[in-house]
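Have a look at the structure below, then the notes.
The values are calculated or read from the model by the stated rules, or taken from the named source; none is laboratory data. No experiment lies behind these values; they were computed from the predicted model shown. Note that we place each Cβ from the backbone using ideal geometry, even for glycine, and neighbour counts take in every protein chain shown. The area values use the complete protein model at the heavy-atom level, side chains included, leaving out ligands, DNA and RNA. Shrake-Rupley method; radii C 1.70, N 1.55, O 1.52, S 1.80 Å.
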Amino acid sequence: MALLEIENLVVEFQTSTGAFRAVDGVSLKVDPGEVLAIVGESGSGKSVSMLAAMGLLPWTAKVTADKMVFDGQNLLGMSGAQRRQIIGKDMSMIFQEPIASLNPCFTVGFQIEEVLKIHLGLDKAARRKRAIELFEAVGIPNPAERLNHFPHQMSGGQCQRVMIAIAIACNPKLLIADEPTTALDVTIQKQILDLLMRLQREHGMGLIMITHNMGVVAETADRVIVQYKGRKMEEADVLSLFEAPKSDYTRALLAALPDNATGDRLPTIGELFNQGAAQ
Ligand SMILES: Nc1ncnc2c1ncn2[C@@H]1O[C@H](COP(=O)(O)OP(=O)(O)OP(=O)(O)O)[C@@H](O)[C@H]1O
Ligand SMILES: [Mg+2]
């Protein structure tokens, strides 16, 4: 049974100039343990389609679909209260805007412990222990001390890691990662991707990875959806997509990647530093 199955999802926003269709009939399916990448240019409706699945769009959005089923439960017509039992626990999302997604009025420790309290019912000591473990897993230094900090006291990259820790806190069955590593430097990026892939392997977690980074797609995805102007242009397993893209748009997207064919590469900071030190 598919973990998430969506058929013909349409999202329209009511604006002052009329209705704007941000998602126009997208269908997708993710199995347990599968990694589905969604790629496509900015504004193609990637975030909006996943926020619709999470039930987190504002009231100005009109969401319709022929089918939206998560883990055997029909998400369409589910009450807000029923949905809140699922989201943040079995189905969670790493949001694209980490700083905007954290509450500025509470410490990050409070925010992660709240999730552990509400969804898992852990007591104070167990929550603290798990929160520290999670911060360590996402590479936040001095986790015990960091728990007492407010979001504005942390860098963008650290906030992104807090968001990731919150999203994986309850070992979700499905994780939607919306550009999860954009604010992070390459070493942390790799650590986070390795962590997500480990969760996917060890817990059979389904993963929807929204990314602009085709390197991340090639390394992590089983299947890829290419989205353009709210529509699905192509869906293929990852090898077929790179080797024999079917749609012109996918071909154009792949052709727009930096050309590595010359073999030239940028020097690393380590190399530059060593050269500088040697002079
Ligand atoms: N709350 C909103 N009200 C009106 N329009 C919106 C709203 N949220 C998103 N949109 C519009 O919906 C379209 C799709 O936005 P979305 O955020 O899904 O793009 P995206 O594919 O995630 O882009 P990016 O790669 O930049 O994150 C855009 O044209 C955007 O302006
Ligand atoms: Mg987006």
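Is it the case, given these coordinates, that GLY157 is open to solvent by less than 70 Å² (accessible area, probe 1.4 Å) and either farther than 29 Å from ASP185 by Cβ or over 18 Å from the mean Cα position of the chain (by Cα) (or both)?
So GLY157 does not fit the description; no.
What about ILE87, is it in contact with a Leu (Cβ under 8 Å, 6 or more places away or on another chain), away from ligand 1 (no atom under 16 Å from the Cβ) and hydrophobic (A, V, I, L, M, F, W, C)?
Yes.
Among ASN142, ASN148, which is among the polar types (S, T, N, Q), within 22 Å of THR187 (Cβ to Cβ) and over 21 Å from the mean Cα position of the chain (by Cα)?
ASN142
Exactly one condition in (1) open to solvent by less than 40 Å² (accessible area, probe 1.4 Å); (2) more than 15 Å from ligand 2 (Cβ to nearest atom) is not met by LYS62; state its number.
With respect to (1) open to solvent by less than 40 Å² (accessible area, probe 1.4 Å); (2) more than 15 Å from ligand 2 (Cβ to nearest atom), LYS62 is out only on (1).
Name the single residue, out of those in region 115-131 being assigned to a helix (DSSP H, G or I) and open to solvent by less than 60 Å² (accessible area, probe 1.4 Å), that is farthest from ASP90 (Cα to Cα).
This residue is ALA126.
Scan region 53-64 and tell me whether some residue there is touching a Phe, Trp or Tyr at 6+ places or on another chain (Cβ under 7 Å), touching a residue at least 40 places away in the same chain (Cβ under 8 Å), in a loop (DSSP other than H, G, I, E, B) and farther than 22 Å from TYR228 by Cβ.
The answer is yes; a qualifying residue exists.
Tally up the residues in region 82-102 that are open to solvent by 60 Å² or more (accessible area, probe 1.4 Å) and of a type outside the set (Asp, Glu), please.
6
Residue-wise test of (1) within 16 Å of ligand 2 (Cβ to nearest atom); (2) open to solvent by 10 Å² or more (accessible area, probe 1.4 Å).
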residue: VAL162; (1), (2): no, no
residue: ALA165; (1), (2): no, no
residue: CYS170; (1), (2): no, yes
residue: THR181; (1), (2): yes, yes
residue: GLY204; (1), (2): no, yes
residue: VAL226; (1), (2): yes, no
residue: SER247; (1), (2): no, yes
residue: THR250; (1), (2): no, no
residue: ALA255; (1), (2): no, yes
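Of all residues in region 132-154 being without any contact (Cβ under 8 Å) to a residue 24 or more places away in the chain and either among the hydrophobic types (A, V, I, L, M, F, W, C) or open to solvent by 40 Å² or more (accessible area, probe 1.4 Å) (or both), which is farthest from ILE168 (Cα to Cα)?
Of everything passing the filter in region 132-154, GLN153 is farthest from ILE168 (Cα to Cα).
Which condition number in (1) within 16 Å of ligand 2 (Cβ to nearest atom); (2) assigned to a strand (DSSP E or B); (3) surrounded by fewer than 16 Cβ atoms within 10 Å (Cβ to Cβ) is the one that ILE38 fails?
Against the list (1) within 16 Å of ligand 2 (Cβ to nearest atom); (2) assigned to a strand (DSSP E or B); (3) surrounded by fewer than 16 Cβ atoms within 10 Å (Cβ to Cβ), ILE38 comes up short only on (3).
Taking the condition among the polar types (S, T, N, Q), over 25 Å from VAL48 (Cβ atoms) and open to solvent by less than 40 Å² (accessible area, probe 1.4 Å), does THR107 pass?
yes
From the list GLY77, GLY25, GLY33, which residue is away from ligand 1 (no atom under 12 Å from the Cβ), surrounded by fewer than 19 Cβ atoms within 10 Å (Cβ to Cβ), in contact (Cβ under 8 Å) with a residue 12 or more places away in the chain and part of a loop (DSSP other than H, G, I, E, B)?
The unique qualifying residue is GLY33.
Quick one: is VAL48 within 14 Å of ligand 2 (Cβ to nearest atom) and either within 18 Å of GLY230 (Cβ to Cβ) or not charged (D, E, K, R) (or both)?
For VAL48, the condition - within 14 Å of ligand 2 (Cβ to nearest atom) and either within 18 Å of GLY230 (Cβ to Cβ) or not charged (D, E, K, R) (or both) - is met.
Can you tell me which residue within region 206-224, out of those that are farther than 16 Å from ILE94 by Cα and among the small types (Gly, Ala, Ser), is most open to solvent (accessible area, probe 1.4 Å)?
ALA218
List the residue pairs whose Cβ atoms are under 9 Å apart, where the first residue sits in region 113-131 and is in contact (Cβ under 8 Å) with a residue 40 or more places away in the chain and under 11 Å from CYS170 (Cα atoms), the second is part of a helix (DSSP H, G or I) and open to solvent by 90 Å² or more (accessible area, probe 1.4 Å), and the two are 6 or more positions apart or on different chains.
The qualifying pairs are HIS119/GLN85.
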